[in-house]
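The values are calculated or read from the model by the stated rules, or taken from the named source; none is laboratory data. Values in this document were obtained by computation on a predicted structure and should not be read as measured data. Reconstructed Cβ throughout: ideal geometry from the backbone, glycine too, with neighbour counts over all protein chains shown.
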Amino acid sequence: MLFRRTVLASFAALTLLPLAAMAAELPDLGGKSVVVVTENAYPPLQFVDPKSGKPIGWEYDAMNEIAKRLNFKVEYQNTSWDAMIQAVSDGQYNIGMTGITIKEDRKQKVDFSDPYMRSQQFMLVRGDEKRFTEAKSFGAFKDGLVGAQAGTTPFYTAVYEVLDGNEQNPRIKLFETFGATVQALKAGDVDVVLTDGTAGKGYVDASGGALKLIGEPLGTEDFGFIFPKGSDLVAPVNAAISALKADGTLDALNKKWFLDYKMGE
């Protein structure tokens, strides 16, 4: 898998830089409180640990490290994907995180951080699926149904790269959360879920062979944190993201959550 190989190569090249020197260059936010909202439905970026019942994941670790380096206190809250961008735009929350693709139309409502991750779209199917093997053959399989969340990158990928460009196509079944689309896939209510490789790998690894990714990548996307327009947190968070990239922290998180962590174990 391309993402897996990229992470391994990046981690192998990890070099340790003097953290104290880098920390001295970062802004100090003076212990202020920052409200961060997430969905907790996008493993391994953020999700509820089935053992402890506590929210965990790549984005939690990254945000906690950013908060430590910038000296602010994080208060986490939860909301649905459908409500998140508008709620952050309205100033209900200071930062939003849930693997949000950086897109020009979204920039009209919120400000984005610099990218902290790049991922690719794949087709997630049941492990015994043999009726189609990639987007073209699925498009020709007229009985095939796609599970998606309205307004998400997977939804538009399904509409414009897999199907016919009709957003009202009856082959698209809408769900409130990404997790619900995967449950529908497992139950046989839909035949494909479009997902980026990060979340898809998390579900495949936890499925015990019940799920698999098929076909070539359907597109590339960059993820960023979101802020209300004009937020004074954007520049400090960008500085912290740059530091986390430079000292190998993001590579270490990639290894922890995409290579080492096994959901359900």
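Restricted to region 204-244, and to residues there that are at pLDDT 95 or above, part of a helix (DSSP H, G or I) and in contact with a Phe, Trp or Tyr (Cβ under 9 Å, 6 or more places away or on another chain), the residue that is farthest from residue 136 (Cα to Cα) is 236.
Among the residues of region 91-105, those identified as surrounded by fewer than 22 Cβ atoms within 10 Å (Cβ to Cβ) and either over 21 Å from residue 73 (Cβ atoms) or of a type in the set (A, V, I, L, M) (or both) are 101, 102, 103, 104, 105. Taking the conditions (1) out of contact with any strand residue (DSSP E or B) (no Cβ under 6 Å at 6 or more places or on another chain); (2) of a type outside the set (D, E, K, R); (3) outside the structural domain of residue 54 (by TED's automatic domain parsing); (4) on the phi < 0 side of the Ramachandran plot in turn, residue 228 satisfies each one other than (3). From the set of residues in region 186-199 that are aliphatic (A, V, I, L, M) and over 19 Å from the mean Cα position of the chain (by Cα), which is surrounded by the fewest Cβ atoms within 10 Å (Cβ to Cβ)? So the residue we want is 187. Only residues that are of a type in the set (Ser, Thr, Tyr) and within 12 Å of residue 42 (Cβ to Cβ): list them for region 81-100, please. Correct list: 98 only. Taking the condition hydrophobic (A, V, I, L, M, F, W, C), in a strand (DSSP E or B), more than 30 Å from residue 236 (Cβ to Cβ) and not assigned by TED's automatic domain parsing to the domain that holds residue 106, does residue 190 pass? No, not satisfied. Residues of region 193-200 include at least one that is modelled with pLDDT of 90 or more and either outside the structural domain of residue 29 (by TED's automatic domain parsing) or closer than 23 Å to residue 56 by Cα (or both).
Here residue 90 fulfils each of the conditions (1) more than 15 Å from the chain's Cα centre (by Cα); (2) free of Cβ contacts under 8 Å to residues at least 24 places away in the same chain apart from (2). Do the conditions hold for residue 205, that is, is it among the acidic types (Asp, Glu) and within 15 Å of the chain's Cα centre (by Cα)? No: the conditions fail for residue 205. Scanning region 57-96 for residues that are assigned to a helix (DSSP H, G or I) and aliphatic (A, V, I, L, M) turns up 62, 63, 66, 67, 70, 83, 84, 85, 87, 88.
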